[in-house]
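Here the structure comes first, spelled out in structure tokens, and everything after it is commentary.
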Amino acid sequence: MSIMDRLEGLPQKFPGLVRAAERALGLFPFLERQAKNIPAIRRALEAEYDSVMSRLEHSLKPYDDDFERYRSLPASGVSRTKILRDMRRLLEREKPAWEEGFVSGAVYHGDQEHIAFLNKVYALNSQSNPLHSDLWPSASKFEAEIVSMTARMLGAPAYANPEAASEICGAVSSGGTESILLAMKAYRDRAQSRFGITQPEFVVPSTAHAAFDKAARYFGIRKRTVPVDENSRVDVSRVARAINGNTICLVGSAPNFPHGCIDPIEELSELARSHGIGFHTDACLGGFVLPWAEKLGHRVPRFDFRLPGVTSMSADTHKFGYAAKGTSVVLYRGRELRHFQYYTTTEWPGGMYFSPTFAGSRPGALSAACWAAMVSMGEQGYLEATRKILKTATQIRNAIERVPGLRIIGDPLWVIAFESDQWDVYRIMDFMTGRGWNLNGLHKPPAVHICVTLRHTAPGVAGRFERDLLAAVEHVRANPAEKSGMAPVYGMAATLPARSVVKDLLERYMDVLYRP
Ligand SMILES: *Cc1c(COP(=O)(O)O)cnc(C)c1O
């Protein structure tokens, strides 16, 4: 019996022991570190990690036997024909899962004609680099208009006076994570420069995206996390209590990634305003859905720049904006805040240098494709796409609600998470995986979600989801003792008190990904 097998199930068998261990490890994390430094334990753990990874390796590296591997450069160039042929073979293997609507999120549009159009746009612009704005003024045109169109969609006033200091402005970034990192860096630098804050902090709901934790670690900001209620909305009074003289901003999600629920943005942003600090609405997931959901008559609380306390937002064009992967928009109330995002240097021998985001050179073709996606969709296109997605999401939500023992978390629109105190939801997910589905496993609490996209709106997909879900629950009910697949790993990763073991496993997982 391996350590993993022994660890798994331990929390259920000895809850008291685990609580004690958790308390000890929480109070004395060095105990865990000490234990891992004992050579025998170290060796046993390493052996265990190797065995877990070798079990995973086959699914992470499915092409080892079927395709050439280039561990070093080929001596002479491989023919373009062969490269393209191999890539087509790879595509054919990977495409069915997302194209046929088995995957939560990931591919948000995916219609053949839309993809072919974006590919043409990419091809026309593949040499463009916004860093050289003199060579490609087209790139700055596209980016300025992407920002402006997104801002207008998210409650910025019509262009009355674009020179006004309070103008809603922003930048195009490489994705939601970068948009969030940029905004948090801007708040940090503004707080330092304006108020001399050197020990910055921000307050985030526990359900806020991991990108905020990344920002905290990259930029030396202390993150104060506030739990959410049973409907996955953050408790405003607890946020208020977490504010102090070092707080640079508050954060809310519209909606959050795990459960698709919207934080009380109006109250949170007013709280921030009353303290004279910033408020960031993370609308990475909802920015290109909620405005249209509202127009379609759904109950959508205000979350955008119509609220005076909202001072920045992130909205992902590469999700429900239906652009190719690699773009997002970060928006600010006022250019001053955007200036704290910018990078400039006047002393470099390489010349006067500036770049608005983290990267230097950037793919202008992705901005072109993003612009083309937005302009070709238009208001009507987004409205229609949202209508279809919300209709399918309602079918899926109703299907889940009909299953006895499953509970939907909160009151979501199109990202639907369910939990259960009767069944192991990870085993339900495993069974669905066996039927071709790729859903998101969540923890704290254990739950599973599906993020509905245009891929699920094709006829028959929602019905297939319901049939497979019913079969999954029936299977788990009929086979209570069965152990297989990822369920034990999820169960263990969620409950194991030795968090550094889980961290070690995640690092080794990434190492496997980089194994050629
Ligand atoms: C996807 C997402 C992000 C991060 O986006 P990436 O594009 O993956 O970096 C941030 N917040 C929310 C709510 C998201 O759904």
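When Leu496, Leu366 are compared by accessible area of protein heavy atoms, the largest-first order is Leu366, Leu496, using a 1.4 Å probe. Would you work out if the stretch 125-375 is rounded, prolate or oblate? Take a ≥ b ≥ c from the square roots of the eigenvalues of the alpha-carbon gyration tensor; rounded if a/c is under 1.5, else prolate when a/b is larger than b/c, oblate otherwise. Verdict is oblate for the stretch 125-375.
Annotation: peptides 185-194, 119-128, 304-313, ranked by per-residue average of other Cβ atoms within 10 Å with the highest first, follow the order 304-313, 185-194, 119-128.
Protection proxy ranking for 417-425, 450-458, using the average of other Cβ atoms within 10 Å per residue and placing the highest first: 450-458, 417-425.
Over all other residues within a Cβ to Cβ distance under 14 Å of Ala211, the charged ones net out to +1, with Lys and Arg as +1 and Asp and Glu as -1.
For the stretch 125-375, averaging the sequence separation of C-alpha pairs within contact (under 8 Å, six or more residues apart) and dividing by the residue count gives a relative contact order of 27 percent.
By the rule of a C-alpha distance below 28 Å, with chain neighbours fewer than 8 residues away ignored, the lysines paired with Lys391 are Lys95, Lys295, Lys319, Lys325.
When the solvent-accessible area of the stretch 48-116 is split by element, carbon and sulfur atoms take up 53 percent of it, the probe being 1.4 Å. Each peptide among 503-513, 142-152 gets the average number of other Cβ atoms lying within 10 Å of its residues, and from highest to lowest they stand as 142-152, 503-513. Note that the stretch 31-99 presents 77 Å² accessible area per residue, ligands and nucleic acids not counted, probe 1.4 Å. The candidates Met374, Met486, arranged from most to least accessible area with a 1.4 Å probe in the full protein assembly, appear as Met486, Met374. Overall, the accessible surface of the stretch 125-375 at a probe of 1.4 angstrom is composed of carbon and sulfur to the extent of 53 percent. If a/c stays under 1.5 just call it rounded; otherwise compare a/b with b/c (prolate if a/b is bigger, oblate if not). Do that for the chain, with a ≥ b ≥ c from the square roots of the Cα gyration tensor eigenvalues. Rounded shape, in that the Cα axes give a/c under 1.5. Once the C-beta distance of Phe354 and Ile41 is scaled by a Förster radius of 51 Å, the resulting FRET efficiency is 0.50 to the nearest 0.05. Cα gyration tensor of the stretch 142-214, axes a ≥ b ≥ c as square roots of the eigenvalues: rounded (a/c below 1.5), prolate (a/b > b/c) or oblate? Here the stretch 142-214 falls in the oblate category. Ordering Leu268, Leu31 by accessible surface, largest first, gives Leu31, Leu268; the 1.4 Å probe counts only protein heavy atoms, with every chain in place.
The residues of the stretch 125-375 expose on average 41 square angstrom of accessible surface per residue, using a 1.4 Å probe on protein heavy atoms.
The values are calculated or read from the model by the stated rules, or taken from the named source; none is laboratory data. Since the structure is predicted, the reported quantities are computational estimates derived from the model, not experimental observations. Backbone-built Cβ (ideal geometry, glycine too); neighbour counts: all protein chains shown. Just the protein is used for accessible areas: all its heavy atoms, side chains included, with ligands, DNA and RNA removed. Shrake-Rupley method; radii C 1.70, N 1.55, O 1.52, S 1.80 Å.
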